[in-house]
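The values are calculated or read from the model by the stated rules, or taken from the named source; none is laboratory data. Because the structure is a prediction, the values reported are computed rather than measured. Cβ: placed from backbone, ideal geometry, glycine included. Neighbour counts: every protein chain shown. All accessible areas refer to the heavy atoms of the entire protein, side chains included, with ligands and DNA or RNA removed. Shrake-Rupley method; radii C 1.70, N 1.55, O 1.52, S 1.80 Å.
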Amino acid sequence: MLQQFYKKISGSIFKNSAWGIFSNIFQNILFSVFFIVVARKYSTDDFANYILANTLYSFVVAFSSLGLGQWFIRELLTTNNKQILINKFFKIQIYVGIFFYIVNLIIAVLLYQNQTIRTLSIFIGINVIFDNVIYVIKYINVAEEEQKKSFIILTIEAVLKFGAGCLLFIYPIPIVYLSIILILLRFVTLNLFIKIGSSNLVNIKAILQTKIDWSEIKKLLISNWSFVVIGSISIIYWRMGNILISKILQAQDVANYEISFKLFSMAEILPVIVSTSIYPLLVKTYQDNQEKTIQLFRRAFMAYALYGILAFTFIYCFSDVIIPFLFGAKYLNTSMYCKEMFLTILIFPTALLQANLLVAMKMEKKDMWLNLISLALNLIFSFTGFYFFKSLSVINFSIFLSFGFFHILQDALLIKRKIISAIHTISFYLATISIIILFYWGSKVINQYLLFICFWIIATIIVGIFIWNMYKENFSKKIKLQFYKR
């Protein structure tokens, strides 16, 4: 039974995650090329203004979705009337999107005197409304295990955005006009989601006719406010850095941070995409058999931990070459800050997995408090650091340290609930720290490119042996079980 269970869930994870991984790799190649072209074709000031307008939009959109994606999936999987739930949630998201678009404009005026940032915010901010509509459809597809539709449409959007970037090679388009073009392309994406990406569960006429009063919205927020906090903090956590940098440091630092974050965002794609498939399975298995949930979590944890080490060691070895090659000589020193930021990838994947498990166990309020504590620590570390040092490193290390505390608090909560053991937690930290220290000292002795290749060949062999032994053990148990049945 257990083997059949793992076969079933691994097939489901692979089916949904494979599409996400491959399409996101392709999307991010195109998005990254667009990002690189913008960084190269515009001055550092124009590029920084564009980044800051996008930062404000990202900051606001963290609240505009109300962070109810995981709640929506959980309700959609358990409700008997999906259509009513979808129609009401859809209309709420439209109302809230319009409200937060106005908020975006107000924040831009209050924070920045720069007219370019304000103008860019008028156009880029429209994405808040578009994103709220797409947000609902994407989570419907997650619940229905139809992520493939979302991935295909987002890939089309990436191609269109890449095409817009290519126009810069033909004609020097002002940054404001480029933003207008991007909004028009985003409108095309929105229509594709509504027409072909909604799993036949979205009916615009029915949504418009659905009646929503403020008491329902108030009731939803009061009963699920922890999801709002969790969903918004994850974006605020990172985008807050850009705003602090723009107020304390220089435009060059804004660009350095954004380039580092762009590479970090690419690295986090794999665990994020896989988590969209694992989270519904954690919800389902926890309802049926908690032991299966724990076993699924423990196996996923090992893979997530290894991926974090892989991503960090890759950036440590290759960022000095990759960043100047892609973005130009004016970003020659960016790799140092990128390595600092990538310390967080060592614990990000496993923290994401543990957060999904807590929400699946209906412990979202505890997860929310952990997020708030982590955000508060990030602010404290950042302001304290800037008091003594005016350096981008302050933001990078503040994120890493606060995220580390977040992970430890998660560990304590899961140990208390007997999901993991103290030995498991200590082993994870000791193994990660030891590997990174050995890798660092190894890079001082031999060529770091050769070290990366040799290290991961050895690691792959060790993991392969472990998986093979586990397979043989399960196969042996199956044979014995069949023998005794006879």
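For region 322-454, taking Cα atoms only, Rg and Dmax work out to 17.7, 52 Å respectively. If the segment from ASP45 to ILE106 were pulled out straight at 0.36 nm per residue, it would be longer than the present Cα-Cα gap by 19.7 nm. Taking every lysine pair in region 253-367 that is 8 or more places apart or spans two chains, those with Cα atoms closer than 26 Å amount to 10.
Sequence-ordered 3J(HN,Hα) estimates for region 291-306 from the Karplus curve with 6.51, -1.76 and 1.60 and θ = phi - 60° stand at 5, 5, 4, 5, 5, 4, 4, 5, 6, 5, 4, 4, 5, 5, 5, 4 Hz, glycine and proline given as x. For region 218-323, dividing the convex hull volume of the Cα atoms by the residue count gives 130 Å³ per residue. Across LYS195, LYS330, LYS339, the residue with the most accessible area heads the list, and the full order at a 1.4 Å probe is LYS195, LYS330, LYS339. Derived scalar couplings between HN and Hα for region 367-374 equal 5, 4, 5, 5, 5, 5, 4, 4 Hz in order, rounded to whole Hz, by the Karplus curve 6.51 cos²θ - 1.76 cosθ + 1.60 (θ = phi - 60°), x for Gly and Pro.
Largest first, the residues TYR139, TYR331, TYR307 sort by 1.4 Å accessible area into TYR139, TYR307, TYR331. Legend: calculated FRET efficiency, ALA206 to ARG417, from the Cβ-Cβ distance at R0 = 51 Å, rounded to 0.05, equals 0.80.
Carbon-plus-sulfur accessible fraction, region 372-468 (probe radius 1.4 Å, protein heavy atoms only): 82%. Taking a ≥ b ≥ c as the square roots of the eigenvalues of the Cα gyration tensor, region 395-461 is oblate, since a/c reaches 1.5 or more and a/b is not larger than b/c.
A 1.4 Å probe, protein heavy atoms only, puts the accessible area of HIS424 near 50 Å². Placing dummy labels 7 Å off each Cα toward the beta-carbon, the span from ILE180 to ALA459 is 4.8 nm. Remark: accessible surface ordering of LEU160, LEU263 (largest first) is LEU160, LEU263, probe radius 1.4 Å.
In region 257-384, the ratio of gyration radius to Kirkwood radius, Rg to Rh, stands at 1.06 when only Cα atoms are counted. Could you please report the charge total around GLY165, scoring K, R as +1 and D, E as -1 over all other residues with beta-carbon less than 12 angstrom from its beta-carbon? Local charge sum for GLY165: +3. For region 350-365, backbone phi angles converted through the Karplus equation (6.51, -1.76, 1.60; θ = phi - 60°) give residue-by-residue couplings of 6, 5, 5, 4, 5, 5, 4, 5, 4, 5, 4, 7, 6, 10, 5, 5 Hz, Gly and Pro being listed as x. Exposure check, 1.4 Å probe, all protein chains in place: TRP456 carries approximately 40 Å² of accessible surface. If we count every other residue with Cβ under 12 angstrom of ALA255's Cβ, Lys/Arg +1 and Asp/Glu -1, where does the sum land? Computed value for this residue: -1.
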